[in-house]
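Below is one structure, written out as structure tokens, with a few remarks after it.
The values are calculated or read from the model by the stated rules, or taken from the named source; none is laboratory data. Given the structure is predicted, the values throughout are model-derived calculations rather than measurements. No Cβ is skipped: glycine too gets one built from the backbone with ideal geometry, and neighbour counts run over all protein chains shown.
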Amino acid sequence: MKILKIFIIVFLSIGFSHLKSGEKNNELKSKILKNIRCLICQGQSVYDSESEFASSIKLIVDRKINEGLKEDKIYQFLREKYGDWIIYDPQFNKNTYVLWLLPLLLFLFGGAIMYKKIK
Amino acid sequence: MKNKFSLFIIIIFLSFCFFIFYKGLNNSNIYTPKIKDKKNIPIFEAKDFNSNIYINSEKIFEEDIFYIVNIWASWCIPCRTEHPLLMGLSKNQTVKLIGLNYRDNLNNAKNFINEFGNPYSQIIIDYDGTLSVEFGAYGVPETFIIDKNKIIIKKFIGPINKKIVEEIKLIIK
């Protein structure tokens, strides 16, 4: 009887852990798809789009996750195929220096003016 | 004097902003991926259109010649307009045309080939569009030129025309 109980507990825990990893993969997939732009219906994410391109990308992302690729590797793969624009969250590179640094510079500039006025 | 200088700076700044935004209005807001980047051909396995046997990319691109990969589908109207030009290109001995049948019904695709002719030395099937993604395509038709080093050296989005055919002929010469 005891052995049966242990067997059931082990069986259930294995079953649920599998379910959990599946859930995790689904969450990761949704997160990635929401961060990819659809090139056909521009302005929509691949997650929201029903275009043929979007459905192919959904399959590709699913396949890459199952192959064990990390999130950033999947983005890198898509960037290599379609350029930086396909990802909503732009990377810090020579084309986006201004985009990333300008708010910081304006903040520092504004802070310097305020500091000078207060002084 | 100081106020005048500040006003001058503000006007210059606003004019600069106006100029940037005004220029931006004329830019197209539809993004198309860069077509000049040279990339290696993807490594893949796909079903052959005629034999239904799986073949790998190494086998498809095994010869030391130029290849043209054309993504097509029977339901794609622009593919019909470019088809006679592909038929013309297929007569060229220095190049092999590989057709990539995109998300198509096999019977319809076969009817298309029977009706308009077969310019391809080999056709592979892309049932779900994932193979086209590996090539960096996002629609049909798209045409890729692959050199002897198995590098994609040129990509044409949309149907090819006579001007593009001339360009292709110059490249594969």
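I'm checking my understanding of the structure. Among residues of region A:24-58 that are within 14 Å of another protein chain (Cβ to nearest Cβ), assigned to a helix (DSSP H, G or I) and charged (D, E, K, R), which one is farthest from A:ASP89 (Cα to Cα)?
Once the filter is applied, the top-ranked residue is A:GLU52.
Looking only at region B:41-72, which residues are part of a strand (DSSP E or B), within 23 Å of B:HIS83 (Cα to Cα) and of a type outside the set (D, E, K, R)?
Of region B:41-72, the ones part of a strand (DSSP E or B) are B:45-48, B:54-56, B:66-72.
Then drop every residue that is not within 23 Å of B:HIS83 (Cα to Cα), which leaves B:46-48, B:66-72.
Within region B:41-72, B:ALA46, B:PHE66, B:TYR67, B:ILE68, B:VAL69, B:ASN70, B:ILE71, B:TRP72 qualify.
Any residue in region B:72-96 that is under 19 Å from B:ILE146 (Cβ atoms) sitting within a Cβ distance under 9 Å of a residue that is small (Gly, Ala, Ser) and part of a helix (DSSP H, G or I)? List the pairs, counting only those 6 or more apart or interchain.
Once the first residue is under 19 Å from B:ILE146 (Cβ atoms) and sits in region B:72-96, its partners that are small (Gly, Ala, Ser) and part of a helix (DSSP H, G or I) give B:TRP72/B:ALA109.
Among the listed residues B:ILE9, B:ILE41, which satisfies the condition of being within 13 Å of chain A (Cβ to nearest Cβ) and under 25 Å from B:ASN149 (Cβ atoms)? If you could, list the steps in order and put the result at the bottom.
Numbers: B:ILE9 fails: under 25 Å from B:ASN149 (Cβ atoms).
One residue alone meets the criteria, B:ILE41.
Within region B:111-123, identify whether any single residue is among the acidic types (Asp, Glu) and in contact (Cβ under 8 Å) with a residue 24 or more places away in the chain, and answer yes or no. Outline the logic, then answer.
From region B:111-123, those among the acidic types (Asp, Glu) are B:115; that's our starting set.
Remaining after also requiring in contact (Cβ under 8 Å) with a residue 24 or more places away in the chain: none.
Checking region B:111-123: not a single residue is among the acidic types (Asp, Glu) and in contact (Cβ under 8 Å) with a residue 24 or more places away in the chain.
Which of the residues that make up region B:14-35 are within 12 Å of chain A (Cβ to nearest Cβ) and either in contact (Cβ under 8 Å) with a residue 24 or more places away in the chain or in a helix (DSSP H, G or I) (or both)?
The initial filter retains those residues of region B:14-35 that are within 12 Å of chain A (Cβ to nearest Cβ), namely B:20, B:28-35.
Of everything in region B:14-35, those that are within 12 Å of chain A (Cβ to nearest Cβ) and either in contact (Cβ under 8 Å) with a residue 24 or more places away in the chain or in a helix (DSSP H, G or I) (or both) turn out to be B:ILE20, B:THR32, B:PRO33, B:ILE35.
Could you say whether any residue in region A:92-100 is among the basic types (Lys, Arg) and within 16 Å of the chain's Cα centre (by Cα)?
To start, the set of residues in region A:92-100 that are among the basic types (Lys, Arg) comprises A:94.
This time we only want the ones that are within 16 Å of the chain's Cα centre (by Cα), so: none.
Checking region A:92-100: not a single residue is among the basic types (Lys, Arg) and within 16 Å of the chain's Cα centre (by Cα).
Looking at B:ASN101, B:ASN114, B:ASN118 in this structure, which one is at pLDDT 95 or above and under 24 Å from A:ARG63 (Cα atoms)? Walk me through how you get there before you give the answer.
Numbers: B:ASN114 fails: under 24 Å from A:ARG63 (Cα atoms); B:ASN118 fails: under 24 Å from A:ARG63 (Cα atoms).
B:ASN101 is the lone residue from the list that is at pLDDT 95 or above and under 24 Å from A:ARG63 (Cα atoms).
From the set of residues in region A:70-92 that are away from chain B (no Cβ under 14 Å) and free of Cβ contacts under 8 Å to residues at least 24 places away in the same chain, which is surrounded by the most Cβ atoms within 10 Å (Cβ to Cβ)?
It comes out as A:GLN91.
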